[in-house]
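Colleague: I am attaching a structure below and will ask some questions about it afterwards.
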Amino acid sequence: MRGLLKLLSSKASRSAAANALPGTALSALGGLVMGGPKAAVAYGAGDFLLNYPLIRAARKVSPGKTGTLSYINKKGQTVTAPHYQPSALETAANLGGTLGSAVAVDAVTGGSLMPTPTVISQQQQLMEQMEQRAVVNRLQVPQAVAPGTQFQMQGLESTFLRDYVKPQGYVNQLMPEYADALAAMQNPFG
């Protein structure tokens, strides 16, 4: 720990660490969203530990430009502030380190930080839904459905007009012509 604090005590080291932090925060946020708190810590730490040395090395090979930035504040005053423009090599190292850190963390942890999605085929899903429907509706016989759908292929035709073709006895007593009308509807050609 003391070595890390000594390493980060110089101005160049603090600047490199500050430039590594935005990518670290994004990696940690991605890990949090995809895998939870453990993944957030692992991906954030992995990003920082890979990016910081890459940025330091890139700055030694190709240092960025330091200058001043002038702007007008809300009061109308001209303000100058120090500004650092990273080199193309440093920007590429930072971006490559952020992208490569996820691969490195997955290699170290064996990919155990991210949940494994379960793939269920459509046929499996339909079978499970049919079993649920059979339990809920207390069906004795499995239903026949069209392939890839939940549309019933059998049973609907035979039960649709069952109660209307053979009505209860009191309807015949109230309207004797009802049976003749139904017979004519069933066989319209005589």
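FYI, it's all coordinate maths here, none of it is from the lab. The structure displayed is predicted, hence computed values, not measured ones. Cβ placement follows ideal geometry from the backbone for every residue including glycine, while neighbour counts extend to all protein chains displayed.
Colleague: In which sequence would 120, 55 go, from the one with the fewest C-beta neighbours within 10 Å to the one with the most? The partial results should precede the final answer.
Modeller: Details: 120 10, 55 25.
The fewest-first ordering by Cβ neighbours comes to 120, 55.
Colleague: Sort 85-94, 61-70 by the packing proxy (mean of other Cβ within 10 Å over each peptide's residues), most packed first. Let's see the in-between values first.
Modeller: Numbers: 85-94: 17.2, 61-70: 11.4.
For the peptides 85-94, 61-70, the packing ranking is 85-94, 61-70.
Colleague: Hey, another quick one. How far, in nm, would the chain grow between residue 132 and residue 78 when pulled straight, counting 0.36 nm per residue and subtracting the alpha carbon separation? Don't skip to the end; give the middle numbers.
Modeller: On the way: separation 54, 0.36 × 54 = 19.44 nm, distance 7.19 nm.
So the chain would gain 12.2 nm between residue 132 and residue 78.
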